[in-house]
Amino acid sequence: GQNIDQPTEMTATEGAIVQINCTYQTSGFNGLFWYQQHAGEAPTFLSYNVLDGLEEKGRFSSFLSRSKGYSYLLLKELQMKDSASYLCAVRDTDYKLSFGAGTTVTVRA
Amino acid sequence: DAGITQSPRHKVTETGTPVTLRCHQTENHRYMYWYRQDPGHGLRLIHYSYGVKDTDKGEVSDGYSVSRSKTEDFLLTLESATSSQTSVYFCATGTSGRIGLDEQYFGPGTRLTVT
C-alpha cells in the first residue's frame, strides 16, 4: 500500500509563491500526480512526474525525488483563483492511484 | 475534458436501503474507478474496472459492489446503506493505465447522505 503525507493547510498572499510538499512510502511506484480541486467540484489534473527532476507548466511546477519519496508542487504568481485543495497521488505498479488527504491553499489579497 | 456524468448528483436515503449510483462516460475509456472522499481521508478507491465485466476491489470495498455491462457505464451499489457511507462519491476514467501519463478524469461527484 501507500502512505502519502502532505500539509493540511497553507496560506499565501496574491502574487507570492507557495510550495506544497508531499512525501510518500510505497510498495510500488509508477508515477506521481498532482490534482487541483476547488470546493464542491471534481479534481482536475495538474501535473505528472515519473522520473526525477522538475516539470514546469506555466505558473505551476512539480518536482520528484524517487530515492527520497518526495515531491513538491510549486505555485508561482499566486492568483485568487488558485485558492483550492491540492491533491498528491501516487500510482502503483497495478496502475491504481492512492491520494493524500490534500492541502488547502488560501490566497489572500 | 472527458465527458463523464454521474447520477444522481445528490441523494438522501435511510439506513438499510440499497442505493445505486451511476457513472456514464462518452470517451470510450477502458478504465473506470469509483472513489469516496471524506474530510481528513482524501480520495479512497472503492472498486475499479479494467474492461466490460472486469472489475476488482480497491482499498475500501466492504459494503459496495459494482457492475460494468457496457464500456460507457459503471454502477456502484451500496447493498444496505449505513451512516458510515455518507460521503461524496466520485467516478473517474482513464485510457490504458499502462504507458506514460494517462491521468484520470473525474466526474462531478454524487453527495450521498444516509440518515
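The values are calculated or read from the model by the stated rules, or taken from the named source; none is laboratory data. From a predicted model like this one, the values you see are computed outputs, not experimental measurements. Neighbour counts run over all protein chains shown; Cβ positions are idealised from the backbone, glycine included.
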Among the residues of segment A:6-35, write down those that are within 11 Å of chain B (Cβ to nearest Cβ) and on the phi < 0 side of the Ramachandran plot.
A:6, A:8, A:30, A:33, A:34, A:35
Given A:102, A:40, which one is within 9 Å of chain B (Cβ to nearest Cβ) and over 24 Å from residue B:31 (Cβ atoms)?
A:40
Please enumerate the residues belonging to segment A:62-89 that are farther than 11 Å from residue A:5 by Cα and buried (at least 18 other Cβ atoms within 10 Å of the Cβ).
A:62, A:63, A:64, A:72, A:73, A:75, A:78, A:82, A:84, A:85, A:86
Matching option when the condition is touching a residue at least 60 places away in the same chain (Cβ under 8 Å), more than 14 Å from chain A (Cβ to nearest Cβ) and either buried (at least 21 other Cβ atoms within 10 Å of the Cβ) or not basic (Lys, Arg) (or both), among B:79, B:72
B:79
Kindly check whether there is at least one residue in segment B:95-104 that is assigned to a strand (DSSP E or B) and either within 12 Å of chain A (Cβ to nearest Cβ) or touching a strand residue (DSSP E or B) at 6+ places or on another chain (Cβ under 6 Å) (or both).
no
Just one of the numbered conditions (1) among the β-branched types (Val, Ile, Thr); (2) at pLDDT below 95; (3) within 10 Å of the chain's Cα centre (by Cα) is not true of residue B:110; which one?
(2)
What strands (runs of 3 or more DSSP E) lie completely within segment A:31-77 and have 1 or more residues being over 20 Å from residue B:43 (Cα atoms), in contact (Cβ under 8 Å) with a residue 40 or more places away in the chain and of a type in the set (Ser, Thr, Tyr)?
none
Criterion (closer than 23 Å to residue B:31 by Cβ and of a type in the set (Lys, Arg)) met by exactly one of A:91, A:59:
A:91
In segment B:48-69, which residue that is within 11 Å of another protein chain (Cβ to nearest Cβ) and of a type outside the set (D, E, K, R) is surrounded by the most Cβ atoms within 10 Å (Cβ to Cβ)?
B:48
